[in-house]
Every structure is written in structure tokens, then in C-alpha cells.
Amino acid sequence: MSEHVPTCIVAEDEPLLRRALLDQLAVAWPQLQVLAECEDGASAVEALAGHRPDVAFLDIRMPGLTGLDVAAAAVDASPATQIVFVTAYDQYAVDAFERGAVDYLLKPIKPERLAATVERLQSRTGNNEAAALAGLLERLGAHAGINQHNDNAAPPLTWLTASAGRETRLILVDEVAYFRADNKYTTVVTADGEALLRTPIKDLLAALDPTTFKQIHRSTIVNLRAVAGVVRDDSGRGTVRLKSRPETLAVSAPFMALFRHM
């Protein structure tokens, strides 16, 4: 029987930092196979569900879905995956990380700290990861979105301008029910209708308040305040009902973890 090759995904929105972590992993754990390099939380969730890696290295602060959101999705999408949070900030309840089924790395990552993390990962089986991770995320308040904003980051969008035919509309972000990808642009949907925003949905996600707006599909961002209810089907996917719109929105299976407590 062939020896198991350990696998991982790496999620970090800064390309240089992502490359640096990959280079350090190649030295600290040469046998580790990197299955996906993710630049945002949404692609990390999809990589978890698609690959079910042994380990996921998750930057906590990413646009849209944070590392905490991705970890919450992992409880259902890939329950055996061991989680390692990567952060430049130590206010994320480091003591809780040390007691949980996850590990953490503080930036800049020191080789000796990464070596200790690798040793810890190799010694664990991962069989009880999901239950312990779910409990840890509850204690951290992942679903409340605490401490998700970088103190130096620009404040989230409060209004935007979008086109409806020849008319340019000023739309308050709080009035948006959801955003839908439209080729290189984004359709803005409110209770009153639709308009076109000349910004790709990926770029828009980084400018929205992550405690209010969540990506539920590669092509859809929903305003949680506009959600009336969520129904899960037998396949694990879901359907969102809106308060002010008649249509429903599809939720990809990995993103259903965002609605666990609704």
C-alpha cells in the first residue's frame, strides 16, 4: 500500500505573502502537496469542498469571506481538514487557538514556529477536528464578524453609483438586496429594480462590510439583512428567500455553513 501524501491548500490574498508561505512550507514540510493557492475566501471554500485537504492555511483577514468564515464552512465541507490560521494580529484569541483543534501562525512567520506547527499537524489524526473547530469558532464569535476589519483599511462602502439605461443612480448600499456577477461588471439588485455597476464582483466584495454582505455563490453576494429565510436541500445546497424580491438565490453547498445559526 502506498504511503499517504499529505495535502493542503493555502489562502492568502496578498500574492507576495502567499508566495513566501509556500516557499517556507516547501522547506519545513517537503512532502506536503499544495492542491490549491487561493487569493480570497470564496475560492478557499470551493477548494476545501473540492479537494478535502489534510490541512488548510487560512489568512484571517481576506476580502469578503474571512478565514474564520472559511473555517466555519470547513466544518461541513471538509470536516477532517486541520486548520491553521495565519494572522498579523494577535487579538484573535490566540489562547483559544492554542487550546483548540487548530494552530496559528503570526506574521512574519518564523521558521522555528512553522516547524513546530508542522510537527503538531503531523502528530494529529484529524478525526475530531470538526467538532472541536465548531466549538472554537463559537467562542471566537466567527458568525458575529468580530474584529474582521483592519484598523488601517478603508471603511466599507456606504453608497455607490450604477447605471440603469441612460440614467445614473445613486444607491445606498444598505438598500441593496444582492449583487450578481454580469461578465466583467456587476448587477446591483434592490427592491426597486436593477442597475449595472462597472466593477467586477470580486473587486466589489473587498469594499463591502463583511459582517453584512456574504458571498453565497461564485456569482452572488447577498445582503444578510435582506434575507427572509434559507432552505437546505438533500444535496447540501441551499436557496435564499428575500424580503423585498420575489426571486430566490442559489447557495452553493460549501457556503451553507454561513447560515448555520439562522
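Just so you know, all these numbers are worked out from the coordinates, no wet-lab data involved. Just so it is clear, the model here is predicted, and its values are computed rather than measured. All Cβ positions, even for glycine, are placed from backbone atoms using ideal geometry, and neighbour counts span all protein chains on display.
Close amide H pairs (under 5 Å, H built 1.01 Å from N) link T7 with Q33, D54, V55, residues at least 5 positions away or on another chain.
Students often forget the sequence filter, so: which lysines lie under 27 Å Cα-Cα from K243 once same-chain residues fewer than 8 apart are removed? Partners within reach: K202, K214. By definition, a body whose alpha carbon gyration tensor gives a ≥ b ≥ c is oblate when a/c is 1.5 or more and a/b is not larger than b/c, and the stretch 19-86 fits this oblate description. Annotation: amide H-H contacts under 5 Å for A177 (H modelled 1.01 Å from N, sequence separation of 5 or more, or interchain): V189, T190, A191.
Working from the Cα coordinates of the stretch 203-252, the gyration tensor eigenvalues give, after taking √(5λ), semi-axes of 19, 13, 9 Å in decreasing order.
Each residue of the stretch 55-65 was assigned a 3J(HN,Hα) from its phi angle through the Karplus expression (A = 6.51, B = -1.76, C = 1.60, θ = phi - 60°), giving 9, 10, 9, 10, 5, 5, 9, 10, x, x, 6 Hz with x at Gly and Pro.
The stretch between R218 and Q122, if pulled fully straight at 0.36 nm per residue, gains 31.3 nm over its current Cα-Cα span.
Counting other Cβ atoms within 10 Å, which trypsin sites (Lys or Arg not before Pro) in the stretch 196-262 have at most 16 and lie in a DSSP loop? Intermediate results must be reported in sequence, preceding the final value.
Working: sites: R198, K202, K214, R218, R225, R232, R237, R241, K243, R260; in loops: R198, R218, R237, K243, R260.
Loop-located and lightly packed - R198, R218, R237, K243, R260.
Here H4 and R113 are evaluated by their C-beta separation; at R0 = 30 Å the FRET efficiency comes out at 0.75.
Principal axis analysis of the Cα atoms in the stretch 159-259 yields extents of 44, 25, 23 Å, listed in decreasing size.
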